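Student: Structure provided below as structure tokens; questions to follow.
The values are calculated or read from the model by the stated rules, or taken from the named source; none is laboratory data. None of the values given here were measured: they were computed from a predicted structure. Cβ coordinates were reconstructed from backbone atoms using ideal geometry, including for glycine residues, and neighbour counts include every protein chain displayed. Please note that ligands, DNA and RNA were not included when accessible areas were found on the heavy atoms of the full protein model with its side chains. Shrake-Rupley method; radii C 1.70, N 1.55, O 1.52, S 1.80 Å.
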Amino acid sequence: MLITILAITVALVAWSLHLMQEAMDRREFSLMLAGTLVAFSAAALVAVYFLMGNYIGYMAQMAHRANQTEEAVQIWISQLEPMEGNEAQAFPLSEVSFPLEFQPMGDSF
């Protein structure tokens, strides 16, 4: 991929230099402008390549972290599952109490 982008960039720069040389020979501003625009497009191509390379590396690293986190969560969940035959003793709901009424703290109006 790098060689392809490098070849395209070199071709754009060569074309830009050719257009600018023709502009100098013919004394035409439009060819000079075209050469400048082609040179800018070559520079933009290289900039986008480096920016996307960093972004792809960042996304690959985030995917790797997500996989590690998913594995850790699966291990944690497997440790929380009750053993066979001890389902009733694993999470006794009889000891849990829920408040039935709201009791405000402090002075009431």
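Student: Measure off, as a whole percent, the carbon and sulfur share of the 1.4 Å-probe accessible area of region 1-77, all protein chains present.
Tutor: 73 percent
Student: Under a crude label model (7 Å from the Cα following the beta-carbon direction), how far is W15 from I77 in nanometres?
Tutor: 5.3 nm
Student: Ignoring ligands and nucleic acids, what accessible area does L37 show with a 1.4 Å probe (Å², nearest 10)?
Tutor: Surface open to solvent at L37 totals about 100 Å².
Student: Another one. Using θ = phi - 60° and the Karplus curve 6.51 cos²θ - 1.76 cosθ + 1.60, what whole-Hz ³J(HN,Hα) does each residue of region 52-59 get, with Gly and Pro shown as x?
Tutor: Along region 52-59, the couplings run 5, x, 5, 5, 5, x, 5, 5 Hz.
Student: Sum up the charges of everything whose Cβ sits under 11 Å from the Cβ of G35, counting Lys and Arg as +1 and Asp and Glu as -1, but leave G35 out.
Tutor: The answer is -2.
Student: Ok, one more. Could I have the simple spin-label model distance between F29 and M1, label points 7 Å from Cα toward Cβ, reported in nm to one decimal?
Tutor: 4.2 nm
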